[in-house]
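The values are calculated or read from the model by the stated rules, or taken from the named source; none is laboratory data. Keep in mind that this is a model prediction, so the values were computed, not measured. Positions of Cβ are backbone-derived with ideal geometry, glycine not excepted, and every protein chain shown enters the neighbour counts. Just the protein is used for accessible areas: all its heavy atoms, side chains included, with ligands, DNA and RNA removed. Shrake-Rupley method; radii C 1.70, N 1.55, O 1.52, S 1.80 Å.
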Amino acid sequence: MLNLPKIAVCLAAFNGKQHIAEQLKSLLDQVDVEVTIYVSVDLSSDNTAALVKNIGKNDLRVVFLNESECYGSAAKNFFSLLTNGQFEAFDYVALSDQDDIWHNDKLSCAIQMIQANKVDAYSSNVLAFWPDDKQKLINKAQTQQEYDHMFESAGPGCTFVLTKSLALTLQDFLIRNKEKCEKVALHDWFIYAYARSSGYQWFIDPRPHMLYRQHAENVVGANVGLKAKLARWKKLRDGWLVEQALLMANILGYSNALPIQKLVRYNFADRLWLILNVTKLRRRLRDRVALALFLILPLKR
């Protein structure tokens, strides 16, 4: 019998009863791997916990964790999963949202790319879909840049697959810096920044291997349409994304990096430098343009 790769899937849930059963089925249907799914349910009002418990009774690969915590955010829920997980018996650790649908080869393809490219972490493009059956490819697989991890994620966290070595070092870091990480709002960006700033290699797959469900409750979502773009622009103009970038730089120890120093000081010369070097800060052309436009204006503090 083949020794299949063992993968711990960390699934953070909150009021997910409507779609979580379908998502769990797509995780359990993964081919050429052995999965164990750890489900952490933020205190919910729709019996998500009871549904997960029931599924776990019929399939021991679904492990329900205590629902007594009230995390209040996906980031805190995922950090709890990553902090408390027992990953030594696994080869890889993956993250999962509660309402997507994975292709049955999502994890096996991720492992193939990790091994073929000799990297420590993997993410991929996704195929976003809406209740009206509209679909759109979300392309995050542009060439990685010198400082992109300081300004953006590698893509949706639900595509992330980490080697055991990276997962365990990240776990140790989260344990040692628990209080500092309390204000981190975007776990996927943080994980990418941690990996890149710590010297780990990351591969972004241009091929989508999952359907990425879009709805009003998405924390970030696919950024498709004028409304979504305006919401992102408001977060940028309000300084929230800058605050997150500076917070992560402080936690992860790269506050002295040139782009971060310029972002903190933010005089005219600093803004000009950032604009002239914007290709090193973001991967996608339209994101570079948006950042350059933002940098022209004085920063709201």
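Details
- Within the stretch 46-79, the residues that satisfy the criterion of being touching a residue at least 60 places away in the same chain (Cβ under 8 Å) and of a type in the set (Gly, Ala, Ser) are SER73, ALA74, ALA75.
- Yes/no for PHE14 being touching a Gly at 6+ places or on another chain (Cβ under 6 Å) and open to solvent by 50 Å² or more (accessible area, probe 1.4 Å): no
- Cβ pairs under 6 Å, 6+ apart, first in the stretch 81-92 and more than 27 Å from CYS70 (Cα to Cα) and touching a residue at least 24 places away in the same chain (Cβ under 8 Å), second in a loop (DSSP other than H, G, I, E, B) and of a type outside the set (A, V, I, L, M): ASP91/PRO5
- For the stretch 109-133, filtered to residues that are of a type in the set (Phe, Trp, Tyr) and open to solvent by 10 Å² or more (accessible area, probe 1.4 Å), the residue that is nearest to the chain's Cα centre (by Cα) is PHE129.
- Scanning the stretch 17-32 for residues that are part of a loop (DSSP other than H, G, I, E, B) and within 27 Å of ASP91 (Cα to Cα) turns up ASP29, GLN30, VAL31, ASP32.
- Tally of residues being touching a residue at least 40 places away in the same chain (Cβ under 8 Å), of a type outside the set (Asp, Glu) and either touching a His at 6+ places or on another chain (Cβ under 7 Å) or open to solvent by 30 Å² or more (accessible area, probe 1.4 Å) (or both) across the stretch 175-197: 9
- When residues of the stretch 246-290 are limited to those that are among the hydroxyl-bearing types (Ser, Thr, Tyr) and open to solvent by less than 30 Å² (accessible area, probe 1.4 Å), the one modelled with the lowest pLDDT: TYR266
- Only one entry of PHE90, PHE79, PHE160 meets the criterion of being open to solvent by less than 40 Å² (accessible area, probe 1.4 Å) and over 18 Å from the mean Cα position of the chain (by Cα), and that entry is PHE90.
- Top-ranked residue of the stretch 235-281 - restricted to ones that are over 25 Å from the mean Cα position of the chain (by Cα) and of a type in the set (Phe, Trp, Tyr), ranked as farthest from SER153 (Cα to Cα): PHE268
- Scanning the stretch 25-39 for residues that are in contact (Cβ under 8 Å) with a residue 60 or more places away in the chain, over 10 Å from LEU107 (Cβ atoms) and either open to solvent by 50 Å² or more (accessible area, probe 1.4 Å) or over 20 Å from the mean Cα position of the chain (by Cα) (or both) gives a single hit, ASP29.
- Within the stretch 1-16, tally of residues that are in a loop (DSSP other than H, G, I, E, B) and at pLDDT 95 or above: 2
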